[in-house]
Amino acid sequence: MNAVSVQHAALRILLEDVDPLIQRAEEAAATLTKVREELDADLETLGRLVQQSVDAQPLLLEAGRKLAASAARIETAMQGSALPSRVDSGAMGAAGRRPARIWRACAISAAVTAVLLAGVLWLGMRDVLEQARLGRALTSAWPSLDAATRTKLHGLLGRS
């Protein structure tokens, strides 16, 4: 064997060793690109969810203000209904019943406010909680999904 053919043989052996490494590096680069795109999509979805929760806060505050105003109107109505009884039953008897009526009106108002606020929160957060539950399930199943399913999910996320 001459030196040139030995050199060619050595280069061929090196290329055979390097070629699989290059292919693996290209596959790793493609995987990293796909993971970055998936992460961007997940971050975009998270951003939308955070924005929805931020957008819901003024609505919840407005509902709370309306509930507080309703409670004040109920208290005023209860105080207004206590005035005729004070005139009828005398100053001493009405003075004893008036604080009880105010406390009763406050308790009823607080209970109604709490129930309505809990209902508003439950209705407002139900969708966000369901989306979070689905997101956690999708995240845990993501590594086991095939490429076609991941592509389809990215397409669906892009439309929503």
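Put simply, of E44, E27, E37 the only residue that is in a helix (DSSP H, G or I), modelled with pLDDT of 85 or more and under 30 Å from R126 (Cβ atoms) is E44. Here S5 clears all of (1) over 19 Å from A148 (Cα atoms); (2) surrounded by 10 or more Cβ atoms within 10 Å (Cβ to Cβ) except the condition numbered (2).
For the criterion of being among the basic types (K, R) and closer than 30 Å to D127 by Cα, R12 fails. Among residues of the stretch 21-45 that are on the phi < 0 side of the Ramachandran plot and polar (S, T, N, Q), those with a beta-carbon under 8 Å from a residue that is surrounded by 10 or more Cβ atoms within 10 Å (Cβ to Cβ) and at pLDDT below 90 at least six positions away or on a different chain give the pairs T45/G135; T45/L157. Of the residues in the stretch 60-70, at least one is hydroxyl-bearing (S, T, Y), over 30 Å from L156 (Cβ atoms), assigned to a helix (DSSP H, G or I) and in contact (Cβ under 8 Å) with a residue 24 or more places away in the chain. The residues of the stretch 116-128 that are surrounded by 11 or more Cβ atoms within 10 Å (Cβ to Cβ) and either of a type in the set (A, V, I, L, M, F, W, C) or at pLDDT 80 or above (or both), listed by number, are L116, L117, G119, V120, L121, M125, V128.
For the stretch 29-52, the set of residues classified as within 16 Å of L138 (Cα to Cα) and among the β-branched types (V, I, T) consists of V35, T45, listed by residue number. In the stretch 96-115 there is at least one residue matching the filter, namely being touching a helix residue (DSSP H, G or I) at 6+ places or on another chain (Cβ under 6 Å), surrounded by 10 or more Cβ atoms within 10 Å (Cβ to Cβ) and closer than 22 Å to L61 by Cβ.
The values are calculated or read from the model by the stated rules, or taken from the named source; none is laboratory data. Treat the numbers as computed from the prediction; the structure is a model and nothing was measured. Counting neighbours? That spans all protein chains shown, and the Cβs are built from the backbone with ideal geometry, glycine included.
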